[in-house]
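Participant: Could you have a look at this structure, given as structure tokens, before my questions?
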Amino acid sequence: MAALSIANVIKTSLGPVGLDKMLVDDVGDVTISNDGATILQLLEVEHPAGKILVKLAQQQDTEVGDGTTSVVIIAAELLRRANELIKNHIHPATVITGYRLACKEACKFIADQMALKVDKLGRDPLVSVAMTTISSKILGTYGTFFAEMAVDALSAVKTSDFRGKARYPVNAVNILKAKGASARESSYFTGYALYRPFTSPAMKRSLKSPKILVIDFDITKTRMKMGVNIVIDNPDELEAIRKREMDISSERARMILDAGVTAVFSTRGIDDVYVKMFAEAGAITVTRVPKEDARRIAKGTGAALITTLANLDGDESVDASSIGSAELVEQVRLSDDDIVVIRGAKEQHASTVILRGANDYMLDEMERSFHDSLCAVKRVLESGAVVPGGGSVETALDVYLESFATTLGSREQLAIVEFANALLVIPKQLS
């Protein structure tokens, strides 16, 4: 019962005529979503069997990224039909064996009969796959506009692993959301963007072929560590200590500049005094960069995320190997905010999609939908095969498994027939 009631909640959100769900939590925050995993995450499920279904959707979301609603609906339907069999005095072990056998046969049938290799088909199936994912979501009304954007954005971040197999990391596609324009004004470019302006208006708006340093410490006036007291007899010495505190940081800033660095991305702050030094030297600085973004920038530009300038000899120095490079860093105006864009990173190509929409709810849902389509396209590109959509796979399996069940003489055939009928829940819901 618990499994079925959960499946019934999200059943109506499947397919192109599926409806969005509006969920309100204790605090009154509203989420409007069509994504199975998101809806289930926000439901407060008490029943242990129900929790397993929620976990199933989340697992599907992390592993595949799309199809979260479908897996829950199929799982619940299988449970419902298994329950009927057990009521008719068929042992659970028999049902399980039958389901396992049916599953194995189904996978074999899909691989042999239905899967088509993508490399023979060209770009169109990729757009179609993205379109299938998007069609039931908020972006479905915009036709292939977002589907093509998803394919382009993912194709731009192609890398290969140590075996030489092509990999398409979805994380390398950076999604920015900006309110105040129609969704059709969403755009995509290759490069990395983050929601931080340059630290000072005195800095140049754009910088060609910058040398990039990513740091995880603050360049502010050096202070003594906790619990360190300095006792002085002479007030003049106090002034000398203060001056030295200022000088330590300016030496650091000078050292960074002398190493040829022209762009500094810091996860912490940089004091105005030192910002002025960087600005006068024609360098740019961006402060308070989120850790995640800093790591991505470092990875993409071939820099290292430095936590200290100290080296093994106990001195401070800037290692040339930890400096990254790109083609261009610039500050761009986006609706009400300034964003910093890094184009042409050396190591890993990143692509950025800027989603525009009317309000936050819409933008969040657009991001979820877009992320799902990216995941689906990634799966197709990495696995290299596609199958027909629209519930046709499930219908074909139903026909095949029913004829396969008649070849068996044991009780398992009852379970296999039920498995076949359970698959039909998807095409039925779609139609």
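Participant: Using only the Cα atoms of region 50-184, build the gyration tensor, take square roots of its eigenvalues as a ≥ b ≥ c, and label the shape rounded, prolate or oblate: rounded if a/c is under 1.5, else prolate if a/b is larger than b/c, else oblate.
Facilitator: Because a/c hits 1.5 or more and a/b exceeds b/c, region 50-184 counts as prolate.
Participant: If exposed GluC sites (Glu not before Pro) are those in a DSSP loop with at most 11 other Cβ within 10 Å, what is the longest stretch of the chain that has none?
Facilitator: Between exposed loop sites, the widest span is 47-431.
Participant: In straight Cα distance, which aspartates and glutamates are under 20 Å from K204, not counting same-chain residues fewer than 8 positions off?
Facilitator: D258, D271, D272, E280, E327, E330, D336, D337, D338
Participant: Run through every distinct alpha carbon pair of region 138-237 and return the Kirkwood hydrodynamic radius in angstroms, one decimal place.
Facilitator: Evaluated over region 138-237, this radius sits at 19.6 Å.
Participant: Of the beta bridges DSSP finds with both residues in the chain, what % are antiparallel, to the nearest 5?
Facilitator: 60
Participant: For a quick check of understanding: with a 1.4 angstrom probe and all protein chains in place, what accessible area in square angstrom does D271 have, to the nearest ten?
Facilitator: It works out to around 60 Å².
Participant: Taking 7 Å along the Cα-to-C-beta vector as the label spot, tell me the E148-K346 distance in nanometres, rounded to one decimal.
Facilitator: Output for this residue pair reads 3.5 nm.
Participant: Using a 1.4 Å probe, how large is the accessible area of H91, given in Å² and rounded to the nearest 10?
Facilitator: For H91, the solvent-accessible surface is approximately 110 Å².
Participant: How many percent of Cα pairs in region 175-223 exceed 18 Å?
Facilitator: 57
Participant: Rounded to a whole number, what % of the accessible area of region 35-167 do carbon and sulfur atoms account for, probe 1.4 Å?
Facilitator: 56
Participant: What is the spin-label model distance, in nm, from N229 to I52 if the labels are put 7 Å beyond Cα along the C-beta direction?
Facilitator: Those two pseudo-labels are separated by 6.5 nm.
Participant: Still on this structure: Among the trypsin sites (Lys or Arg not before Pro) within region 210-310, which fall in a DSSP loop and have no more than 10 other Cβ atoms within 10 Å of their own Cβ?
Facilitator: R223, K225
Participant: Placing one identical point scatterer on every Cα of region 320-396 and ignoring solvent, what is log10 I(q)/I(0) from the Debye formula at q = 0.14, 0.25, 0.27 Å⁻¹?
Facilitator: So the normalised log intensities are -0.79, -1.18, -1.21.
Participant: Ordering L213, L23 by accessible area with a probe of 1.4 Å, largest first, what comes out?
Facilitator: The most accessible residue leads, giving L23, L213.
Participant: Estimate the FRET efficiency between D336 and D313 by the formula 1/(1 + (r/R0)^6), using the beta-carbon distance for r and 51 Å for R0, to the nearest 0.05.
Facilitator: About 0.60, to the nearest 0.05.
Participant: Ok, one more. So what is log10(I(q)/I(0)) for region 219-292 at q = 0.18, 0.23, 0.26 1/Å, when the Debye sum runs over its Cα atoms only?
Facilitator: Debye output, listed in q order: -0.78, -1.03, -1.19.
Participant: Once you charge only the Cβ atoms, +1 for Lys and Arg and -1 for Asp and Glu, what is the size of the charge dipole of region 276-344 about its Cα centre, to the nearest 20 debye?
Facilitator: Dipole about the Cα centre, nearest 20: 260 debye.
Participant: Another one. Roughly how many nanometres apart are two label points built 7 Å out from the Cα toward the Cβ at K221 and R100?
Facilitator: 7.2
Participant: While we're here: From largest accessible area down, sort F145, F404, F265; use a 1.4 Å probe on the protein chains.
Facilitator: F145, F404, F265
Participant: Using 26 Å as the Cα-Cα cut-off, could you pick out the over-long pairs in K51/K291; K208/K378; K21/K177; K120/K177; K158/K211; K11/K137?
Facilitator: K51/K291; K208/K378; K120/K177
Participant: Return the calculated 222 nm mean residue ellipticity for the chain, to the nearest 500 deg cm²/dmol, obtained by summing -39500 (n - 2.57) across DSSP H runs with n ≥ 4 and dividing by the residue count.
Facilitator: Calculated mean residue ellipticity at 222 nm is -14500 deg cm²/dmol.
Participant: Moving on to the next point. Could you tell me which helices of the chain pass both thresholds, a Cα extent of 24 Å or more along their own axis and a mean Kyte-Doolittle hydropathy of at least -1.0, with helices taken as whole DSSP H runs?
Facilitator: Once both thresholds are applied, what remains is 68-87, 92-109, 235-258, 360-383.
Participant: When all C-alpha to C-alpha distances in region 289-337 are sorted into bins of 10 Å, what percent of pairs does each bin hold, rounded to whole numbers?
Facilitator: 21, 39, 29, 9, 2
The values are calculated or read from the model by the stated rules, or taken from the named source; none is laboratory data. No experiment lies behind these values; they were computed from the predicted model shown. Cβ sites come from the backbone with ideal geometry, for glycine too, and all protein chains shown count toward neighbours. The accessibility values were calculated without ligands, DNA or RNA, using every heavy atom of the protein model including side chains. Shrake-Rupley method; radii C 1.70, N 1.55, O 1.52, S 1.80 Å.
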